[in-house]
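In what follows, a single structure is set out as structure tokens and then discussed.
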Amino acid sequence: MTTDELKKAAGYYAANLVTNNMVVGIGSGSTIAYVIEALGKRVAEEGLQIIGVATSDKTRRTAAHLGIPIYNVDDVDHIDLTIDGADEIDQAFAAIKGGGAALLWEKIVAINSTKNVWVVDETKLSPKLTHFLPVEVIPYGSDQVFRRFENRGYHPTWRLDQNGNPVRTDSANYLIDLHLDHIEDPFVLGRELTSMVGVVEHGLFLDIVDEVIVGRPDGIEVFNA
Ligand code: DER
């Protein structure tokens, strides 16, 4: 099976976790696109009644186009279940997210959710976190933050679009991707990053997930964190 087929199988499996009258946080990325597709089918064919809370403008548009009612995160009093993707998950269920430039809204929705489920293809599982680490920064002073990362040996790069311009997140911030040789302690690194003036949020998602759904060639594997 191709990676895309693994994503689709995992995405459709995850969509079946959603039940009537749920408030569902809907993540971002190519795996979640299958979750949205499956939920859209259930809304259309089964009359599934849900409220969606999007983690990106792209997710909002895609879900709304498929008939899923989308509310702002501040317009719901709770989120029952958030389903999202991830760029890399280690054996302690720590993840790096943000490859899709949505980490800030993803983390806001996640920490306001009763349950968090990540849906990935098996290539996202790793013994240690080695993926580049996205950091969202406000534009004003971002060059100074970039230089601080360089001085700390974090090998920063600007997230650029296909035209070579800095990517703007849905909150109009920039993304700096850190290329770390090794993450000794993700919690320590996370606290360091959030203590830096100008850093809005980082892509280390720690102590967040409850369940991980993995698409594998021989079927779906489910881990409880
Ligand atoms: O940014 C993220 O964390 C997204 O969930 C995304 O990067 C997940 O990756 P995918 O597109 O392979 O599902």
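The values are calculated or read from the model by the stated rules, or taken from the named source; none is laboratory data. These numbers come from a predicted model, not from an experiment. Positions of Cβ are generated from backbone atoms using ideal geometry, with glycine treated the same way; all protein chains shown enter the neighbour counts. Heavy atoms of the whole protein, side chains included, go into the accessibility calculation; ligands, DNA and RNA do not. Shrake-Rupley method; radii C 1.70, N 1.55, O 1.52, S 1.80 Å.
Using a 10 angstrom Cβ neighbour count of at most 16 plus a DSSP loop assignment to flag exposed trypsin sites (Lys or Arg not before Pro), which longest range of the chain is free of such sites? List each step's numbers first, then the result.
On the way: sites that count: Lys128, Arg152, Arg168.
Between the exposed loop sites, the longest stretch runs 1-127.
Give me the distance between the Cα centres of region 88-109 and region 129-195, rounded to whole Å.
14
Using a 1.4 Å probe on the protein heavy atoms, what percent of the accessible area of region 133-202 belongs to carbon and sulfur?
Whole-percent figure for carbon plus sulfur exposure: 49.
Which residue fluctuates most in the GNM of the chain (Cα springs below 10 Å): Leu193, Leu17, Leu133?
Ranking Leu193, Leu17, Leu133 by mean-square fluctuation puts Leu17 first.
According to a simple spin-label model (label point 7 Å from Cα along Cα-to-Cβ), what is the distance in nm between Ile51 and Thr19?
1.8
If you roll a 1.4 angstrom probe over the protein chains with everything in place, what fraction of the accessible area of region 18-116 belongs to carbon and sulfur, to the nearest %?
Values: 2070 of 4210 Å².
Taking all protein chains in place, region 18-116 shows 49 percent carbon and sulfur surface.
Along the Cα→Cβ direction, 7 angstrom out, place labels at Phe187 and Ala64. What is the inter-label distance in nm?
Output for this residue pair reads 4.0 nm.
With n ≥ 4 as the cut-off for DSSP H runs, can you work out [θ] at 222 nm for the chain, using -39500 (n - 2.57) per run divided by the number of residues, rounded to the nearest 500?
Mean residue ellipticity at 222 nm (helix-derived): -9000 deg cm²/dmol.
Compute the FRET efficiency between Ile138 and Asn163 as 1/(1 + (r/R0)^6), taking r as their Cβ-Cβ distance and R0 = 30 Å, and round to the nearest 0.05. Let's see the in-between values first.
Working: r = 22 Å, r/R0 = 0.73.
According to the calculation, E is roughly 0.85.
Of the listed pairs Lys8/Lys97; Lys8/Lys58; Lys58/Lys128; Lys97/Lys124; Lys8/Lys124, which have alpha-carbon separations greater than 22 Å here?
Correct reply: Lys58/Lys128.
Can you give the FRET efficiency for Met1 and Leu206, using 1/(1 + (r/R0)^6), R0 = 30 Å, r = Cβ-Cβ distance, to the nearest 0.05?
Details: r = 30 Å, r/R0 = 1.02.
The value I calculate is 0.50.
Could you pull the accessible area for Trp105 with a 1.4 Å probe, rounded to 10 Å²?
80
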